1. What pairs in Lys80/Lys255; Lys77/Lys117; Lys208/Lys234; Lys80/Lys117; Lys59/Lys263; Lys80/Lys121 have C-alpha atoms more than 30 Å from each other?
2. Hey, if you put +1 on the Cβ of every Lys and Arg and -1 on every Asp and Glu Cβ in segment 74-117, which of Ser101, Asn75, Thr91 ends up farthest toward the positive end of that dipole?
3. Quick one: if you stick a label point 7 Å off each Cα along the C-beta vector at Lys59 and Glu128, how many nm between them?
4. Between Tyr236 and Ser108, what is the label-point separation in nm under the 7 Å Cα-to-beta-carbon projection?
5. Tell me, what is the FRET efficiency for Ala191 and Val79 to the nearest 0.05, using R0 = 25 angstrom and their Cβ-Cβ distance as r?
6. Compute the FRET efficiency between Gln226 and Lys121 as 1/(1 + (r/R0)^6), taking r as their Cβ-Cβ distance and R0 = 30 Å, and round to the nearest 0.05.
7. Between Ala66 and Ser101, how many nm apart are label points set 7 Å from Cα along the C-beta direction?
Amino acid sequence: MKKDKKWTNQLLGLAKKSVESIDKDAIKKGVTEKANKAKDAAVNAKNEISEKITELDRKLEQRTVAYNDAFTLMNDKGVKLFVERNRAVDTIVFTEALINSIANHPASFDTDFEAIKADRKAFSDSCEFANRELENARKAAGGSGMAAGNALLAMAGPIGWTIAGATLLTSIILYSKNKVQLNKEKAARIADIERNTESVKEIDEKLKVLLKNTHDIREGVNAAYQNCMPCYGKNYAGFSSEQKMMLGNLVNETKALSALFRKTIA
């Protein structure tokens, strides 16, 4: 018994020395370092995700601002074109009155003005269409909001937007109304805005050309009209070759102006 007890005490003594020989501080330090590394990794991952979300939000906002800027410039040209076309209508009315006042004017002038009237009517009809669409849009929106969409729809007929184009461009309204939650949706929305911005810029360039052409031709018709005013109420048979040529030029210029009413921006 004494021998066994002695042996047991020796084993306990060895175990105690073994435990005492373990560097507890080193173990604690190692565990702490691993824990800190795991914590740092978790924090970094969280920060990285947050930065990505923040970057997407920032990008979405930037793209929306860029779109709105492009849309404003484009819509401004659209309004100017609408005004220019209304002025063209007045110019055509004055020109028609001048031609009708001239006795024995060529029958070809009457034929030409029938075509001019058809172009002018197409413009008038498109204005009525735009007004109906605008009213419908207001009823759908409950009489509020959709300012940009209404402006665009109002110009749909006069400028010649296609309905598909109007839908594409007014989709920007949805960006401000629908809050995007998922990053995937944000990325898709950013891509949509970028595509729409490019479409708006392309339309803006086309409007710029059409606006300039309309203005230049209208100014040309006005100048021709002033030159032909001495012919008002006179007899075509008594005109000189130069006068007849000026009247022919006036009618041709008026036809070119009215033809622009049918020019659309798709």
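Just so you know, all these numbers are worked out from the coordinates, no wet-lab data involved. Small disclaimer: the values here were computed from a predicted structure and weren't measured. Every residue, glycine among them, receives a Cβ derived from its backbone with ideal geometry; neighbour counts consider all protein chains shown.
1. Values: Lys80/Lys255 21 Å; Lys77/Lys117 25 Å; Lys208/Lys234 40 Å; Lys80/Lys117 23 Å; Lys59/Lys263 36 Å; Lys80/Lys121 20 Å.
From the list (Lys80/Lys255; Lys77/Lys117; Lys208/Lys234; Lys80/Lys117; Lys59/Lys263; Lys80/Lys121), the Cα-Cα distance tops 30 Å for Lys208/Lys234; Lys59/Lys263.
2. The Cα lying farthest towards the positive end belongs to Asn75.
3. Between Lys59 and Glu128, the simple spin-label model gives 4.9 nm.
4. With each label placed 7 Å out from Cα toward Cβ, I get 1.0 nm.
5. Values: r = 29 Å, r/R0 = 1.17.
According to the calculation, E is roughly 0.30.
6. Working: r = 26 Å, r/R0 = 0.88.
Between Gln226 and Lys121 the formula returns 0.70.
7. For Ala66 paired with Ser101, the spin-label model returns 5.6 nm.
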